[in-house]
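Participant: Have a look at this one before I ask anything.
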Amino acid sequence: MPEHYKTWLLFHSAFMIAALYGQQVFANEAGRDLSGVIGIGVSSGPEFAGSDNDTTDLIPIISLTWRDRYFLNERGLGFYAIRNAGPRDVSVSFAIGYDFDERLAEDDVRLTGLRDVEAGALISAGLEFDLGGAAIEIELNQGISSDGHEGTRAVVGAAFSRQVGDRLQLGVKPFAVWSDGSYADAFYGVSAQDAVTSPFAAYDAGSGFERLGIELQASYELTPRTALFLGVEHSQLLGDAKDSPISFDDSQTEISTGVFFRF
């Protein structure tokens, strides 16, 4: 498997923990220009959406905020148009980054004859607000690479976190993912041309909910500036994504672990 390949979900649990840990950093060290976490980890998950083969990769973790306005994280480089406003701590953000979602014929011999969907640039918008017991997160992504999917994907989640003692922090986040027809057809569809060059019959994948899932996260503080993390994410493909002939497994699980350093 090529080293550059990673799915969007491969990063997600680790970055969710980075966000939780980073929030604690900001609360403890408010007033600093630069705050956040950096780290390194190992993540194991499906080679591509719908794959029944797993791959394991090293993952660098970077989640930084400058003056509580600009950020660099898994979404790329962005800024907050609104930050922690009102009693619900509403934040609105925009970013440009790199979409690691791709599906290449070299990932699986069964994909031979299908058009490659390559990774590429993406823009995103995010909305976050607090409902008391949960932090609601809505993210809208748009692919802008001609060699990629050029589709739209929306992720909605509710993050719950709890501090257990002085060192352990736990989190859980159920989420749902919706994709438009362009995204779904790129990753789950089989065009008429692909049907001629591959063993699959033509299949049209339309817009709709692509998957439902849940993330479980834990971080354990070793020192005031160092923590270990563990994340497990499980999701279930739905609708046209689940029924696609190139979805070899509709149950997707990823595990990530590593270490964070905060500053």
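Participant: Keeping all protein chains in place and using 1.4 angstrom, which order do Arg110, Arg153 fall into by accessible surface area, from largest down? All intermediate terms of the calculation are to be shown ahead of the outcome.
Facilitator: On the way: Arg110 85, Arg153 15 Å².
If we order Arg110, Arg153 from most to least accessible, we get Arg110, Arg153.
Participant: Now for a separate question. Using θ = phi - 60° and the Karplus relation 6.51 cos²θ - 1.76 cosθ + 1.60, list the HN-Hα couplings for the stretch 75-80 in order, rounded to whole Hz, with x at every Gly or Pro.
Facilitator: Whole-Hz 3J(HN,Hα) from phi for the stretch 75-80: 7, x, 9, x, 8, 9.
Participant: Run the Debye formula on the Cα coordinates of the stretch 137-263, all scatterers equal and no solvent, and tell me log10 I(q)/I(0) at q = 0.11, 0.18 1/Å.
Facilitator: -0.53, -0.99
Participant: Take the Cα of Arg32, step 7 Å along the line toward its Cβ, and report every residue of the stretch 52-76 whose backbone nitrogen sits under 20 Å from that point.
Facilitator: 61-74
Participant: Sum -39500 (n - 2.57) across every DSSP H segment of at least 4 residues in the chain, then divide by the residue count to get the 222 nm mean residue ellipticity, nearest 500.
Facilitator: The helix contribution divided over the chain gives -4500 deg cm²/dmol.
Participant: Tell me the angle of helix 8-28 to the major Cα principal axis of the chain, expressed in degrees between 0 and 90 and rounded to the nearest ten.
Facilitator: 10
Participant: Ranked highest first by average number of other Cβ atoms within 10 Å, how do 116-124, 219-227 line up?
Facilitator: My ranking of the peptides, most packed first, is 116-124, 219-227.
Participant: Starting at the first residue of the stretch 221-229, write each ³J(HN,Hα) from the Karplus equation 6.51 cos²θ - 1.76 cosθ + 1.60 with θ = phi - 60°, in whole Hz, x for Gly and Pro.
Facilitator: 7, 7, 9, x, 10, 9, 8, 8, 9
Participant: Accessible area per residue, 1.4 Å probe, Å², for the chain: what's the number? Don't jump to the answer; show the numbers that get you there.
Facilitator: On the way: 11990 Å² over 263 residues.
With all protein chains present, the chain gives 46 Å² per residue.
Participant: Mind sorting out which of [x] 19.9; [y] 18.5; [z] 19.0 is the real Kirkwood radius over Cα pairs in Å computed from the coordinates?
Facilitator: [z]
Participant: Given labels modelled 7 Å from the Cα in the Cβ direction, how far is it in nm from Ala195 to Lys242?
Facilitator: 2.4
The values are calculated or read from the model by the stated rules, or taken from the named source; none is laboratory data. Keep in mind that what you see is a predicted model, and the values were worked out from it rather than measured. Neighbour counts are summed over all protein chains in view; Cβ atoms, including those assigned to glycine, are modelled from backbone coordinates with ideal geometry. Calculation scope for accessible area: heavy atoms of the full protein, side chains included, ligands and nucleic acids excluded. Shrake-Rupley method; radii C 1.70, N 1.55, O 1.52, S 1.80 Å.
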